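Visitor: Mind looking over this structure? Questions follow.
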Amino acid sequence: MKAYGGLVWSIARKMLRNNDDAEDVVQEVFIDIWKNAERFDEAQSSETTFVAMIARRRIIDRIRYTSRRISADSLEDVTAEPWTRADESMQISVEAKEAAAAMKDLRPEQRQVLHLSIVQGLSHQEIADATGMPLGTVKTHARRGILQAREFLGLGKNLDEKEATA
Amino acid sequence: MTENTDQVLIDLLIKQATEGLTDVEQAELDRLERGRHDNTFDVTVSAISLIDERGEEPMPSHLRANIRAAAERFFDERKRQSFSPLGRDEHKPLPRSSFPNWLGWAVAACGLPSSCSEFLFHTSSAGTGFALAELLRPRRKSLRSQRSDKNSWPRRLTCSKRVVTKGSMTEISDVTGDIVWSDSEQKGM
């Protein structure tokens, strides 16, 4: 909790915005982390990413359950400065650094869609409504951006290997 | 799996990682994955979410206290369960040990030292470079090296498929007869 308390709280606050919801979900996240600690695979992700993954799953469940979503702060800010701090001395996770490097190769619209989807927690339909992009375009941007980042993280071969064995 | 199914699978995995799935979508994903589980999209999305994340906002002190209390309860419960083989039903009397049961344990205890010495003797005298200390030493690899190991599995597996049979290796194709080991005939190292 000492190492990841701030991280989990920050993710919950960002995705939920409502303090009561965030407090509830953070407690659930820590219980999930304790229960799933044995599943942590050092070969697949760092500890930080593992914790973030559990936190996101729990928060997404909560969002789906309550059917409440946050609204984007300012679409202009998102477009203008997507993850600029990642270029500085960001030490939080090796995968995050690699993902940041992958983001540089993306088109601005793709970065915007990923930010709204992953950081702001908007659904593809909400992104389409907010940006005026057709839903299909939003999905394409999200898909290409995530696939590219996944390849960059060295995780992209898993599905292909599964295909070969299927 | 067709290309179209592959696209659907990827779309479902991305949706699962970004906004969650409905029950119908989850059932479809389970069907397409057929028991396998791909969390690479979850890892990717989590990594992207961490790009700008520093956890700068401290957790409220009352929430921290609540989680600390929950942790104590959780780990106390787990400790109790691990100490008690009967789990929650701690008051259930343990079965009495019978003489054959006791005898079995005694024989096993007597055999343990000889098994250990035999194991150590074989591993050290065989000259294979295998040491007990090496076996017990935890080996930690970096994330990067473990990933590259993982990626090289298919190639290693392909290499291991080469089976040495009579006539399959040109260098020894003309060798006939049986191989007999003889200490007296051995030369060199």
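The values are calculated or read from the model by the stated rules, or taken from the named source; none is laboratory data. All values reported here derive from a predicted model rather than from experimental measurement. Glycine also receives a Cβ, built like all others from the backbone with ideal geometry; neighbour counts cover every protein chain displayed. Keep in mind that these areas ignore ligands, DNA and RNA; they rest on the heavy atoms of the full protein, side chains included. Shrake-Rupley method; radii C 1.70, N 1.55, O 1.52, S 1.80 Å.
Visitor: With each pseudo-label sitting 7 Å past Cα toward Cβ, what's the A:Leu135-B:His37 distance in nm, one decimal?
Guide: The modelled label-to-label distance comes out at 3.0 nm.
Visitor: Let me ask you something else. Which value in nm describes the separation of the simple spin-label points at A:Arg107 and A:Asp20, placed 7 Å from the Cα toward the beta carbon?
Guide: With each label placed 7 Å out from Cα toward Cβ, I get 4.4 nm.
Visitor: Only protein chains counted, 1.4 angstrom probe. Which residues of the range A:35-59 are at least 50 Å² less accessible in the assembly than when their chain is isolated?
Guide: A:Glu42, A:Ala43, A:Gln44, A:Met53, A:Arg56, A:Arg57
Visitor: Mind putting together the pair-distance distribution for the range A:1-71? All Cα pairs, 10 Å bins, whole percent per bin, short to long.
Guide: 20, 55, 22, 3
Visitor: May I pose another question? Rounded to the nearest 100 Å², what is the sum over both chains of accessible area buried where A meets B, with a probe of 1.4 Å?
Guide: Buried area between the two chains comes out at roughly 6100 Å².
Visitor: Go ahead and run the numbers for FRET between B:Glu3 and A:Gln125, Cβ-Cβ distance against an R0 of 30 Å, rounding to 0.05.
Guide: 0.70
Visitor: Above 18 angstrom, tally the Cα pairs of the range B:13-69 and express them as a % of all pairs, no decimals.
Guide: 56 percent
Visitor: Strictly over 29 Å apart at the Cα level, which of A:Lys14/B:Lys15; A:Lys2/A:Lys35; A:Lys35/A:Lys104; A:Lys2/A:Lys104 would you flag in this model?
Guide: With Cα atoms farther than 29 Å apart: A:Lys35/A:Lys104; A:Lys2/A:Lys104.
Visitor: Packing-wise, with mean Cβ within 10 Å as the measure, how do A:144-151, A:57-64, B:21-28 rank, highest first?
Guide: Packing proxy ranking, top to bottom: A:144-151, A:57-64, B:21-28.
Visitor: So between B:Arg68 and B:Ser184, what do we pick up on full extension, going 0.36 nm a residue minus the alpha carbon distance?
Guide: Full-extension gain reported as 34.6 nm.
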